[in-house]
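Below is one structure, written out as structure tokens; the observations come after it.
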Amino acid sequence: MRFSVSVLALLVASAAHADDIITRADIAEATVYMGIAEVNRAASVTVPAGTHRLIVALPDALNAEVPHFSSNADVIFGPPSLVRGIPISEGALDTAEQAAARAAVEAAEDSVQTAQDRIALADATIRAATLQLAYLEALARGGEDGADLPDELSDLTAQIGAIGTETVRVAEALQAAQIARRELTDALEGRQIELNAAQQALSALRPFGTMVNGLAVEVIATADTEVDFVLEHRMGDVGWAPVYEMHLDSDSGALSIDRFIAFGVGTVELWRDVAVTFSAADPFRAHEPSRLYPRPARIEEPRPPAPSPTLRSVTEESDALAGLTQTLMEPVIIAEDTVDFAMLGLNVSYSYNRPVSIGTSGETLLPLDGLDFDAELAKRAVPRQDDTAFLMAEIENDSGEPILPGEVIFFRDGGPIAEGYVEMIPAGATEEFAFGQVDHIRLEWQDLSLDEGDRGVFVQSNTQDRRIRFSVENTSDQVEEVHVLYATPFAEQEDLDVEVTLSLAPTEEDYDDLRGVMAWDITLQPGETQEIEMEVSLDWPDGQVLTWRP
């Protein structure tokens, strides 16, 4: 909404005469990025004709950046400002849920007070019975405070009987009062537990207290107006991240990816039924290329050697560096059908189709959707490093959208096997995942050069001969196809000669563009073991040192 400088001046000048309209505006919509969120708060207030100050109480007002008020009503808003310590009556800004929780607290407090009052009456009854019993005992003892003995024996008998009967009655009444008090005390403990629970429930909803902070804006209305307004602002300490579960069926090769959104809010405000869009865009990402300046070549006279630093020069340099660091650190203010997927360039967003709420923990895990792929399975063996082969699954991301980086839990045939992290998988790209060990495909590696008796490893000052054997064994009762990888030595220096002889020719050399890495596609029958031997001869000039290890 645009307005002239003169109108703004009028708004500021009339601030001292404005009536305060205090309200709350909860988050209705939000676009959440990886570290911040842009939120819209909506509320409705009645604004009388004239100039007033609208105060929107916020649980975390200091976290509201770049605020902006707007409305379709016939009113004019001034510039918003931060206000602190605005007094309100207790419960004045409660939501319906908070009001119900506060009423439950008040009812529990009344119940505790009633129980305490009953205990006080029981205490009074006990004191009265105790006094009566003490008086009867004094009468029975006789003496100065005791009862006078009657002259007639019949009267004495009657008097003694009356004292005894009354003593029994009062003692029974005292005992009954004490029992009743114990029961009332137990009841009070239950009421206090209920009160504590009610207070905790109210506290968990984080209602406003009797002093609030917020954003204030001057508003001018030409007549009494019902104003539906929106407060937009940016807030930090909010973010989300993709989380995945990958489920592989090792028989069919079906790979399903269940996607979730880990949503976290570090502010004191609770999010209740908010329409949220999760965006992978980075609002602070560089939007322009670096500036390029001419770089002419120059020559100059040699500079004299720099003097050794003194304690004073070091101190001055440290102070200057500290000042520069402080300057750099100063903040810069920058003026299941659960989602609808959108992708604009590199910006991926998910509009969650259900209202989102976050409890007091500040974290929630939201189900997103699932992706299904037909994976190409392979059993990969690396005999030099591993004892068993591993099951690998390769997919092509034909989902039409990128799979964003995130934490992942791997499942194979229904059971969890590992946790890991998946990098960005662009649409149309292929990616390979590991799904754990294949225990029935065993690997062995041996340096046969160490098993040749007195000869040992043949090493001179400039030559070395080694013989290596590695094997792959299938202990299952099924035929297995195994992809074996081994890194053979090679030379990049003309003076180093390397000769490698393999007992079995590899299926592929320089596998995956890795020089010297050989690959074998081996078919193993049940119980079969396949061995491959490698002989290596190395020769280099005298005075040089070999850094290779088999």
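For the reader, a short list of remarks on this structure follows.
- Strands (runs of 3 or more DSSP E) fully within region 5-51 counting 3 or more residues that are modelled with pLDDT of 90 or more and more than 25 Å from the chain's Cα centre (by Cα): 19-24, 36-47
- Flag: ALA96 matches the condition of being out of contact with any strand residue (DSSP E or B) (no Cβ under 8 Å at 6 or more places or on another chain) and under 25 Å from SER357 (Cα atoms).
- Taken together, the criteria place TRP548 among residues that are outside any strand (DSSP E or B), within 47 Å of the chain's Cα centre (by Cα) and surrounded by 12 or more Cβ atoms within 10 Å (Cβ to Cβ).
- Matching residues, region 54-82, being touching a helix residue (DSSP H, G or I) at 6+ places or on another chain (Cβ under 8 Å) and part of a strand (DSSP E or B): ILE76, LEU82
Per-residue answers, yes or no, for (1) at pLDDT 90 or above; (2) more than 54 Å from the chain's Cα centre (by Cα); (3) assigned to a loop (DSSP other than H, G, I, E, B); (4) hydrophobic (A, V, I, L, M, F, W, C):
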residue	(1), (2), (3), (4)
SER471	yes, no, no, no
HIS483	yes, no, no, no
ASP495	no, yes, yes, no
ALA505	yes, no, yes, yes
THR523	yes, no, no, no
MET534	yes, no, no, yes
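- Selection within region 348-376: residues that are in a loop (DSSP other than H, G, I, E, B) and in contact with a Gly (Cβ under 8 Å, 6 or more places away or on another chain). The member of this set that is farthest from TRP240 (Cα to Cα) is ALA375.
- Qualifying positions in region 362-382 - within 22 Å of ASN397 (Cβ to Cβ), at pLDDT 95 or above and not aliphatic (A, V, I, L, M): ASP372, PHE373, ASP374, GLU376, ARG380
- The residues of region 271-289 that are modelled with pLDDT under 90, farther than 28 Å from ASP372 by Cβ and not charged (D, E, K, R), listed by number, are PRO283, PHE284, ALA286, HIS287, PRO289.
- Residues within region 477-496 that are of a type outside the set (A, V, I, L, M, F, W, C) and surrounded by 14 or more Cβ atoms within 10 Å (Cβ to Cβ), tallied: 5
Quick grid of which residues meet (1) hydrophobic (A, V, I, L, M, F, W, C); (2) within 20 Å of GLN446 (Cα to Cα):
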{"residue": "ALA505", "(1), (2)": "yes, yes"}
{"residue": "GLU509", "(1), (2)": "no, no"}
{"residue": "ALA519", "(1), (2)": "yes, yes"}
{"residue": "THR529", "(1), (2)": "no, yes"}
{"residue": "LEU538", "(1), (2)": "yes, yes"}
{"residue": "ASP542", "(1), (2)": "no, no"}
{"residue": "VAL545", "(1), (2)": "yes, no"}
{"residue": "PRO550", "(1), (2)": "no, yes"}
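- Considering the conditions (1) in a strand (DSSP E or B); (2) modelled with pLDDT under 95, ASP251 is excluded by exactly one of them, (1).
- Criterion applied to ARG206, ARG259 was being assigned to a strand (DSSP E or B) and among the charged types (D, E, K, R), and the one residue passing it is ARG259.
The values are calculated or read from the model by the stated rules, or taken from the named source; none is laboratory data. As the structure is a computational prediction, the values presented were derived from the model and not from experiment. Please note: Cβ atoms are built from the backbone with ideal geometry, for glycine as well, and neighbour counts cover all protein chains shown.
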